[in-house]
Amino acid sequence: MKFIIALAFLALALAAPQGDKKPIEIISSNSEMNADGSYSFNFESADGTKVSESGNQKKVGPKDEDIGTVSKGSYSYISPEGITITVNWVADENGFQATGDHLPTPPPMPEHVVKLLADLKAAGVL
């Protein structure tokens, strides 16, 4: 009986209003699904968030059954500082690759490493 009472109080606490949080309105939304497996969708919400994605089926290996979905898209949102953050991405046979001005980039390779890689490639090792 105590367990049921405790469970009821937990349910009541979880059902309580969560302050001033209101649902964010979706101001536009589109989606398309085609018979060939290609698709696209996008939406925009009232807080400035935007999402878009499209994809299709592609042969990703040597066998006929090596079919996979390749996709590309982007999303953006407004940071707490008021800056629009945008990420563009591709997901294909080479993996997931995201780009954006806010994402860190590696430093350039040192010249001796560039030369070493060129020498190894010329020697047929790479």
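Considering every residue within region 33-51, establish whether at least one is at negative phi, hydroxyl-bearing (Ser, Thr, Tyr) and at pLDDT below 90. Looking through region 33-51, none of the residues is at negative phi, hydroxyl-bearing (Ser, Thr, Tyr) and at pLDDT below 90.
Counting the residues of region 38-91 that are within 23 Å of Lys21 (Cβ to Cβ) and touching a Lys or Arg at 6+ places or on another chain (Cβ under 7 Å) gives 3.
Somewhere in region 57-70, is a residue within 17 Å of the chain's Cα centre (by Cα), surrounded by 10 or more Cβ atoms within 10 Å (Cβ to Cβ) and among the small types (Gly, Ala, Ser)? Spell out the reasoning first.
Step one: filter region 57-70 for residues within 17 Å of the chain's Cα centre (by Cα), giving 69-70.
Then keep just the ones that are surrounded by 10 or more Cβ atoms within 10 Å (Cβ to Cβ); that gives 69-70.
Next, from what is left, pick out any that are among the small types (Gly, Ala, Ser): none.
No, because not a single residue in region 57-70 is within 17 Å of the chain's Cα centre (by Cα), surrounded by 10 or more Cβ atoms within 10 Å (Cβ to Cβ) and among the small types (Gly, Ala, Ser).
The criterion of at least 2 residues that are hydrophobic (A, V, I, L, M, F, W, C) is met by the following strands (runs of 3 or more DSSP E) wholly inside region 26-126: 26-33, 39-45, 67-78, 84-92, 95-99.
The values are calculated or read from the model by the stated rules, or taken from the named source; none is laboratory data. These numbers were taken from a predicted model, which means no experiment stands behind them. Every residue, glycine among them, receives a Cβ derived from its backbone with ideal geometry; neighbour counts consider all protein chains shown.
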